[in-house]
Amino acid sequence: MQQKNTLDILNELIVSFYSSRLIIVDKVISKFLKTLVENKELFEILSDCVNAYDYETEYQNALTTTDNKTTFLLPRSRRKTIALVSGLLFEFDNKSKNIIDFVTTFFPAETSHESYIKFLDNIITPFADSFAMLLTTNYDLPEIKPETQNEIFPDAAKEQCTYWLTQLSDSIISSNKIDEQTRNDALELIKGMFHMMEMQNPTFIKYVWIGLKNTLKSEKSCTREIQEINTVLYNYAVIN
C-alpha cells in the first residue's frame, strides 16, 4: 500500500510540473525536492544514487558537442539519472544554475513554454520514471556497480554545523530587521541543510549552503554564524 501511495505522489508531482510554466516552476521544484527527502522510500533510493555517483561528473558526461551544438542527454542508467537530475534540480532551487537559461539552451523551441515541455518530456518524466521503476522492480539499465563512493560528510563536521545552524536559526527568528519572506526562505533552507547532512553527501550540502548563504548575504545579524559554518565546510573540503 505504501508503494502505491509513493507512486501516486510521484504522479501528482509530474502533473504539477506539466500544470506549471517555466517562469513560475520554482515552487514546484522546491516541493519535489522536499518530497524526495521526506518520503522514506524515495529518500532511500535518492541516497543510494547520490552516494554512488558524482553529480558533477555525470553532468559533464551528459553534455555532448557536435557541429558546434551542445546537447544534454540523460545516461542510460536509472540510478545515474536520479543522481544527475536531482543534483540539477538542487542547483535550480538554490539559483546556482538558472533554469530558464538551461531549458531554453538545451531544449530550444519557438516559445519558452514549448522549450519547457520538451525539458519535462526529456528530463523530468524520465527522472520520475527512474524512481518508479526502482520502486517497483529495483531493476536498472544496465545493472550497475557504484563507480566511486563520494566522500562522506563526517560526524564531527555534522556536529559543528548543527551547532552553528541552530545558532543561525535563533538569530533569524529573533531579528526584527529581516523581512518575512527572507526569514521563511532561510528557515526552509536550514531545514534543507539538516536533511542533506543526514544524507552525508557533501555535494548536496554544498548546493543547499550556497542557497542559504545567498539568501542571507545582506543580513549583518547573521554574519558570525555564516562565517563559522563556511569555515567548517571549507575545513572539511565541502567548499573551496
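On inspection, Ile14 qualifies as of a type in the set (Val, Ile, Thr), buried (at least 17 other Cβ atoms within 10 Å of the Cβ), modelled with pLDDT under 95 and over 18 Å from Phe106 (Cβ atoms). Of the residues making up segment 192-240, those that are assigned to a helix (DSSP H, G or I), exposed (fewer than 15 other Cβ atoms within 10 Å of the Cβ) and of a type in the set (Lys, Arg) are Lys220, Arg224.
All of Phe131, Phe194, Phe204 fail the test of being at pLDDT 85 or above and assigned by TED's automatic domain parsing to the domain that holds Val25, apart from Phe131. The helices (runs of 4 or more DSSP H) found wholly in segment 68-143 and carrying at least 2 residues that are closer than 15 Å to Asp48 by Cα and among the β-branched types (Val, Ile, Thr) occupy 78-93. Looking across segment 42-60, the residues that are over 21 Å from Thr137 (Cβ atoms) and either among the hydrophobic types (A, V, I, L, M, F, W, C) or without any contact (Cβ under 8 Å) to a residue 24 or more places away in the chain (or both) come down to Thr57, Gln60.
Within segment 95-117, can you find the residues that are within 28 Å of Met193 (Cα to Cα) and either surrounded by fewer than 21 Cβ atoms within 10 Å (Cβ to Cβ) or not assigned by TED's automatic domain parsing to the domain that holds Tyr18 (or both)? Passing the criteria: Lys95, Ser96, Lys97, Asn98, Ile99, Ile100, Asp101, Phe102.
The values are calculated or read from the model by the stated rules, or taken from the named source; none is laboratory data. Quantities reported herein were computed from a predicted structural model and do not represent experimental measurements. Virtual Cβ from ideal backbone geometry, glycine too; neighbours counted across all protein chains shown.
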